[in-house]
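Read the figures in this text as sums done on the coordinates, not as results from a lab. Values in this document were obtained by computation on a predicted structure and should not be read as measured data. When we count neighbours, we look across all protein chains shown, and the Cβ atoms used for this are built from the backbone with ideal geometry, even at glycine.
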Amino acid sequence: MHKNFLFILVSTLNVAPLLTSAFQYDIWFKYPHPHTQSDPVNYCSESVAASTKQCQSSLPIYVNTLDSPKTLIPYQVTQLLDFCPLQEAREYEHSQHTEWDDNIRQAPFDIKFNRNEECKVLCTKKYKLDQHADLIRIEELKLGLTRDYYHHWFTDTFPFSWCYRQSPPTSSQTNGPFAGLNSNTRGKECFIGFPIGYSTDERGLPEDERVPIGNFTKPNAMFLFNHFDFTIFYESGEGRPWSGRVGAQAGRITALRINPRSINHDYASDVAPVTNGQQAPTSNNKCSYSMPPMEIPSPAQYGLRFNLSITFTYSVKFVEDEPTGTWSQRWQRLESTLPGTSRGKWIFLFSIVMLMLTGAPAAYSVARTIFSDRVLVFVNPRDEADDAAWKVLAGDVFREPLYIGLFSVLVGSGCQFMASVLLSEFFSTFISFFSTTILVIVVLLFVVVHGFVGGYAGIRLYRTFGGEQWRLICIFVTLLNPLVIFCMLVMSRNLLLLYNGSLMALNVGLFGSVFMTLFCFTISFPSTLAGGNVAFKMSAIEFPVRPTANQRELPEALVWKQPLFTTLAVGFVPLFCFWSVESYPFYDSGGYIITVITILIVICLSISHCYFHLTQYDYRWWWRSYLCCGIAAGYYFLHCIYYICTNLFVDTFSNAMLYFAFAFFICLALFLLTGTIGFIVTFAYLWQTYSRTNASPDMNYAIFQKGGQLE
């Protein structure tokens, strides 16, 4: 009994890393990594900063790539939106803290610490509606509004969050540019990033429910956010040891809020414009809530007006934060305002509970089978049929599977991918990866080295069953090498971005893409061939029990016990795991991967063993152990198809191709990884079982009937 308890305890402890890594999440996309190993920046007024080097006064605002939840094509800010001239952000040009699609530039905002601004002009863009070039710029802007592209701004390595309202502004919110903002964000949901504008439906309501309903409505129109209300919360340096001699005049940024608004600045302050039959009240403040929005004209309006002027303005307000609001707690406070944060924690807890409920019975079955005395010694034919089935199938359980060449290719490719991920995770526990880009590069470097592992594992299995065409197997293993797959994915994406005119694409063309793919294949193939050559020269694997010459007849099974049905059924458990992970909005790059790998290993250990089918005298476990875990990738691909049909706005062929290319390659990687884990665990389990069993392949099968009943 103590052995069974020990086995269950060891299996359950595999879930323990989830308890620590599940909540180590942070925001890592579109912004520099929040845990940059650098000292926090102290800010002070411009006059104080001129006399000391302990603080600085300027707060540079950085803008990043525009992206959309509806499409997959990223654009630079100045490509879709004719924004004010941007400056180069040299500190981010060659920084390891940037991601793949980052294009960070510094916006021309003039923001000084503790200096409030009101309705300050940033720049003005003028367009002539009878000029073809200007019409193209307007159409590009309308394209961004239609597809819901979002800004991503940050300063002090901390993003601006948009805390939106669900109700129209009240009378108290029309007295100034910051009347609609509240320093207390309790009860509000915030979003990191904000849209470039919004469009209205046939009722005149914003299609994005997070955009507040203003005093002016117009059906089927598009409006641009051209005014930005910045609210910057800071921690006072009074009584803080880090403030030094500056004292209370110093501060650290604790929270950043932005409230984008659409304002038509062309209307004079003493003119009451009429929009949609409503007369606007006069105001001396061109940035007040009473001003009409900045509408982007439709093609039908091009002949009614000849010029279009868009003025970008901003206002700044500094607010001293509460005593509990410190620089060290700003990320935790931001995450608490994000939608679905608490829900994500409960999903993780629910996943852990489900993992224990499914893993404990499986661990008990494995422990009972391995440590049972009836398994160790075959005493008489009157033992229970479930236990006797292990001995009956001794001569067939290690029989050659169907399509051994294809099976060897899949196992070899999965082994090299699994080895790369596990080794990168091992190093990630000692090295702090500041960027997912660096993590992916490290994984790819490991893949080149682990081509040897893939070639060795695939050819070792292939050679055991008498295979001779090992060089052909090495070629196919290399084609499924993650480095080659990754290169094909990146180059396909690059061609689609070039086709869409995105400046985020590398200008290498079709020839360069083909050359890069062949180059990656050339790097991976020698290491795979070397591993295959070593495995081919070794002797075949000696199984604990040799296969017999006569193959045992398979018994008839019920419908729900058929291999196809059971394989499809057990694939839902890893799929639930994928859904749980996908439901949470943000993760740390290293913690995310190690959490997923831990979940997959435990889940595959629980469902991939062949105890159920072997006790039914079905010895076809090779492909079943691989597919019962890998089939979850197929389910996930179906989920991707459902997602693009219900959540994404795909109106071009290139968008669809880009989405399905990513979905296919990700699901292929999941299939190879999970399937290989399932096979290795099952193979080790059967090897251990039959190594401890005195079953003979020459035993008399006549004492058993079909279905496992004794005569």
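Using the Cβ of N226 as centre and a radius below 15 Å, the other residues enclosed give a net charge of +3, where K and R count +1 and D and E count -1.
Computed from backbone phi with θ = phi - 60° and the Karplus coefficients 6.51, -1.76 and 1.60, the 3J(HN,Hα) list for segment 64-77 is 10, 5, 7, 9, 9, x, 9, 10, 10, 9, x, 9, 6, 4 Hz; x is used for glycine and proline. Here the peptides 155-164, 48-57 are ranked by packing, the mean other Cβ count within 10 Å, and the order with the highest first is 155-164, 48-57.
Amide hydrogen proximity for A221: with H placed 1.01 Å from N in the peptide plane, the residues at 5 or more positions away or on another chain lying under 5 Å are T200. Packing around the peptides 238-251, 662-675, taken as the average count of other Cβ atoms within 10 Å per residue, puts them in this order, highest first: 662-675, 238-251.
Taking amide H as placed 1.01 Å from N in the peptide plane, the amide H of C163 sits under 5 Å from that of F191, I258, each at least 5 places away or on another chain.
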